[in-house]
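Undergrad: One structure coming up, written as structure tokens, with questions to follow.
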Amino acid sequence: DTGVSQNPRHKITKRGQNVTFRCDPISEHNRLYWYRQTLGQGPEFLTYFQNEAQLEKSRLLSDRFSAERPKGSFSTLEIQRTEQGDSAMYLCASSLALDYSYEQYFGPGTRLTVT
Amino acid sequence: DQQVKQNSPSLSVQEGRISILNCDYTNSMFDYFLWYKKYPAEGPTFLISISSIKDKNEDGRFTVFLNKSAKHLSLHIVPSQPGDSAVYFCAASETGTASKLTFGTGTRLQVTL
């Protein structure tokens, strides 16, 4: 399967703990995105990378959140000092930067529960 | 501020009939639109897209219509099948940036036998 993969699929943590999620994009895709989805809402953009450069961050991404994409391959999203409001589905997507196509392909997500 | 709106949270259609899902947007800078389908416990799956230079795009049973003056798009599924039961999200992008998608809140489609 050459789709986008995310690990772990589920994470339960206590408030105040740090968590890290990993995303492996489709291998030839040079763009990688992180989104967050809460119940009853659509995915909300958090940040995106083109190769290893982080080019845009949403105001939703507080300073407790940090994302990296070393070597332009997989990406990690870390949340420090988790809060109950961080409970959500964290989705990763990837795409190939083309002038005529803007489709993004999503992974299955990591569901975070902060207790 | 919800820039992409899907005002119908749910829709029920009989198998074989047409499903019409609607989406409105407010940001006039959006010029590329996509529909995604989402099953429980899975990520959204890309379905079909349309550029603002077109008013219709068709792919098999799925057709998307865009009315730029009304800032409205719709997804038609004909004929509807039970496997189409899912949550459908409308999303929009600005092609100049191509950096992010702005999603609606979704419409849950139930196709009944």
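The values are calculated or read from the model by the stated rules, or taken from the named source; none is laboratory data. This is a predicted model, so every value here is computed, not measured. With ideal geometry, Cβ positions are generated from the backbone for all residues, glycine too; neighbour counts draw on all protein chains shown. Surface areas here come from the heavy atoms of the whole protein model, side chains and all, with no ligands, DNA or RNA. Shrake-Rupley method; radii C 1.70, N 1.55, O 1.52, S 1.80 Å.
Undergrad: Condition check: open to solvent by less than 60 Å² (accessible area, probe 1.4 Å), in contact (Cβ under 8 Å) with a residue 24 or more places away in the chain and more than 14 Å from chain A (Cβ to nearest Cβ). Does B:Ser80 satisfy that? Spell out the reasoning first.
TA: On the way: open to solvent by less than 60 Å² (accessible area, probe 1.4 Å): yes; in contact (Cβ under 8 Å) with a residue 24 or more places away in the chain: yes; more than 14 Å from chain A (Cβ to nearest Cβ): yes.
Criteria met by B:Ser80.
Let's see how each residue does on (1) farther than 28 Å from B:Pro9 by Cβ; (2) of a type in the set (Asp, Glu); (3) more than 14 Å from the chain's Cα centre (by Cα):
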{"residue": "A:Gln17", "(1), (2), (3)": "yes, no, yes"}
{"residue": "A:Phe21", "(1), (2), (3)": "yes, no, no"}
{"residue": "A:Thr47", "(1), (2), (3)": "yes, no, no"}
{"residue": "A:Ser58", "(1), (2), (3)": "no, no, no"}
{"residue": "A:Asp63", "(1), (2), (3)": "yes, yes, yes"}
{"residue": "A:Ser66", "(1), (2), (3)": "yes, no, no"}
{"residue": "A:Gly72", "(1), (2), (3)": "yes, no, yes"}
{"residue": "A:Glu78", "(1), (2), (3)": "yes, yes, no"}
{"residue": "A:Thr82", "(1), (2), (3)": "yes, no, yes"}
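Undergrad: Identify the residue in region A:96-113 that is open to solvent by less than 10 Å² (accessible area, probe 1.4 Å) and more than 8 Å from chain B (Cβ to nearest Cβ) and, among all such residues, is farthest from A:Thr76 (Cα to Cα). Break it down into steps so the answer makes sense when it comes.
TA: Here is the first cut: in region A:96-113, the residues open to solvent by less than 10 Å² (accessible area, probe 1.4 Å) are A:104, A:107, A:109-110, A:112.
Next, only the ones that are more than 8 Å from chain B (Cβ to nearest Cβ) stay: A:110, A:112.
Values: A:Thr110: 12, A:Leu112: 14 Å.
So, considering only residues that are open to solvent by less than 10 Å² (accessible area, probe 1.4 Å) and more than 8 Å from chain B (Cβ to nearest Cβ), the one farthest from A:Thr76 (Cα to Cα) is A:Leu112.
Undergrad: Here is a further query. Give me a count of the residues in region A:43-79 that are under 16 Å from A:Ser27 (Cβ atoms), of a type in the set (Ser, Thr, Tyr) and part of a loop (DSSP other than H, G, I, E, B). Full working, then the answer.
TA: Of the residues in region A:43-79, the ones under 16 Å from A:Ser27 (Cβ atoms) are A:49-52, A:69-75.
Within this subset, residues satisfying the condition of being of a type in the set (Ser, Thr, Tyr) are A:73, A:75.
After this cut, where a residue has to be part of a loop (DSSP other than H, G, I, E, B) as well, the list is A:73.
Final tally of qualifying residues: 1.
Undergrad: What is the residue count in region B:46-70 for residues that are of a type in the set (Phe, Trp, Tyr) and more than 19 Å from A:Tyr105 (Cα to Cα)? Full working, then the answer.
TA: Restricting attention to region B:46-70, the residues satisfying the condition of being of a type in the set (Phe, Trp, Tyr) are B:46, B:62, B:65.
Then keep just the ones that are more than 19 Å from A:Tyr105 (Cα to Cα); that gives B:65.
Count: 1.
Undergrad: For A:Gln17, are the conditions met, namely being facing chain B (nearest Cβ under 10 Å), open to solvent by 60 Å² or more (accessible area, probe 1.4 Å) and either farther than 23 Å from A:Ser101 by Cβ or outside any strand (DSSP E or B) (or both)?
TA: Working: facing chain B (nearest Cβ under 10 Å): no; open to solvent by 60 Å² or more (accessible area, probe 1.4 Å): yes; either farther than 23 Å from A:Ser101 by Cβ or outside any strand (DSSP E or B) (or both): yes.
Spelling it out, it is not the case that A:Gln17 is facing chain B (nearest Cβ under 10 Å), open to solvent by 60 Å² or more (accessible area, probe 1.4 Å) and either farther than 23 Å from A:Ser101 by Cβ or outside any strand (DSSP E or B) (or both).
Undergrad: Only one of (1) under 17 Å from A:Ser5 (Cα atoms); (2) facing another protein chain (nearest Cβ under 8 Å); (3) over 13 Å from the mean Cα position of the chain (by Cα); (4) small (Gly, Ala, Ser) is not met by A:Gly42, so which one is it?
TA: (1)
Undergrad: Within region A:52-62, does at least one residue satisfy the condition of being facing another protein chain (nearest Cβ under 10 Å) and either under 22 Å from B:Thr105 (Cα atoms) or out of contact with any Ser or Thr (no Cβ under 6 Å at 6 or more places or on another chain) (or both)? First the steps, then the outcome.
TA: If we filter region A:52-62 for residues that are facing another protein chain (nearest Cβ under 10 Å), which is where we start, we get A:55-56, A:58.
Going one step further and asking which of them are either under 22 Å from B:Thr105 (Cα atoms) or out of contact with any Ser or Thr (no Cβ under 6 Å at 6 or more places or on another chain) (or both), we end up with A:55, A:58.
Taking every residue of region A:52-62 in turn, at least one turns out to be facing another protein chain (nearest Cβ under 10 Å) and either under 22 Å from B:Thr105 (Cα atoms) or out of contact with any Ser or Thr (no Cβ under 6 Å at 6 or more places or on another chain) (or both).
Undergrad: Criterion first (closer than 28 Å to A:Val4 by Cα, away from chain A (no Cβ under 14 Å) and surrounded by 12 or more Cβ atoms within 10 Å (Cβ to Cβ)) does B:Thr63 satisfy it? Reasoning before the result, please.
TA: Numbers: closer than 28 Å to A:Val4 by Cα: yes; away from chain A (no Cβ under 14 Å): yes; surrounded by 12 or more Cβ atoms within 10 Å (Cβ to Cβ): yes.
Here the answer is yes, as B:Thr63 does meet what is asked.
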